[in-house]
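The values are calculated or read from the model by the stated rules, or taken from the named source; none is laboratory data. All figures in this text were calculated on a predicted structure; none of them were measured in a lab. All Cβ positions, glycine included, derive from the backbone under ideal geometry; neighbour counts span all protein chains shown. Just so you know, the surface numbers come from the protein's heavy atoms only, side chains and all, with ligands and any DNA or RNA stripped out. Shrake-Rupley method; radii C 1.70, N 1.55, O 1.52, S 1.80 Å.
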Amino acid sequence: MPDKFTEMTAALHRYAVEHSDRDELFKELAQETDELGGVAVMMMAPDQGALTTVLVRAIGARRALEIGTFTGYGALSIARGLPDDGYLLALDVSEEWTEIARRYFERAGLAERIELRIAPALETLRGLEASDPFDFCFIDADKESYPAYYEEALRLLRPGGLVMIDNVFRGGDVVDPENEDAATLAIRELNDRVAADERVLSAMIGVADGITLALKL
Ligand code: DHB
Ligand code: MG
């Protein structure tokens, strides 16, 4: 039997997005982010956003952590899955990009449950106590630090908590042996580490630029 795998095409991708939950406000945010130019590639894809909201809600997450917020598409997707008294700590280094995120948090009526911290994420993470654990963590910041973010995420998650790691395909570079740029090496190292990590149950999924879901045991 051939591999059970339907190759993703632009038409199928569009179809998937059209059949996933997506609020009008998310479209506006995507539009405004697109107007920033090339950096917009860092924005979470709409099908991934819908999946994120479903996962956050499905695991009953109340406390979530986001490492790398950019203009807020991922943070909004997470926050939308949280209960009214939920909490999202969103980390980023850019005042400029998160100014856009803040506006949309307000407009979505979700600002009260989102705290933005503008500082290098590792500094913030290392100052957090594991005694007040998170249920969900999304890793989507500078790729060279992914291995360190992953360790911090596992330290700060409750057992049964879920990590979502973005860009695990690195635009396809992870399977190009000639590619040895620092970001690709870091992601390859982490992908190998997660697959062999007995502390988690993991699944790598072909959504957007590849995501890994790792459930802390
Ligand atoms: C890049 C970073 C991302 O987080 C992403 O989702 C896509 C691209 C980048 O740095 O190129
Ligand atoms: Mg990303």
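Brief remarks follow.
- 222 nm mean residue ellipticity, helices alone, for the chain (DSSP H n ≥ 4; -39,500 (n - 2.57); rounded to 500): -12000 deg cm²/dmol
- Considering only the chain, percent of DSSP beta bridges that pair antiparallel, nearest 5: 35
- Here the gap between L122 and E28, fully extended at 0.36 nm per residue and compared with their Cα-Cα distance, gives a gain of 30.7 nm.
- Helical segments meeting 20 Å axial Cα length and Kyte-Doolittle -1.0 threshold in the chain (DSSP H): 182-196
- Label zone at S20 (point 7 Å along Cα-to-Cβ), backbone N below 14 Å, region 34-71: 43-56
- Averaged over residues, the count of other Cβ atoms within 10 Å places the peptides 40-51, 165-176 in the sequence 40-51, 165-176, highest first.
- Linear extension gain, R158 paired with E129, 0.36 nm per residue minus alpha-carbon span: 9.3 nm
- Chain lengthening between D192 and N179 when straightened (0.36 nm per residue, less Cα-Cα): 3.1 nm
- Contact order normalised by residue count of the chain, Cα under 8 Å, 6+ apart, percent: 16
- Accessible-area composition of region 1-132, carbon plus sulfur, in percent [1.4 Å probe]: 52
- Average accessible area per residue (Å²) across region 10-216 - probe 1.4 Å, nucleic acids and ligands excluded: 47
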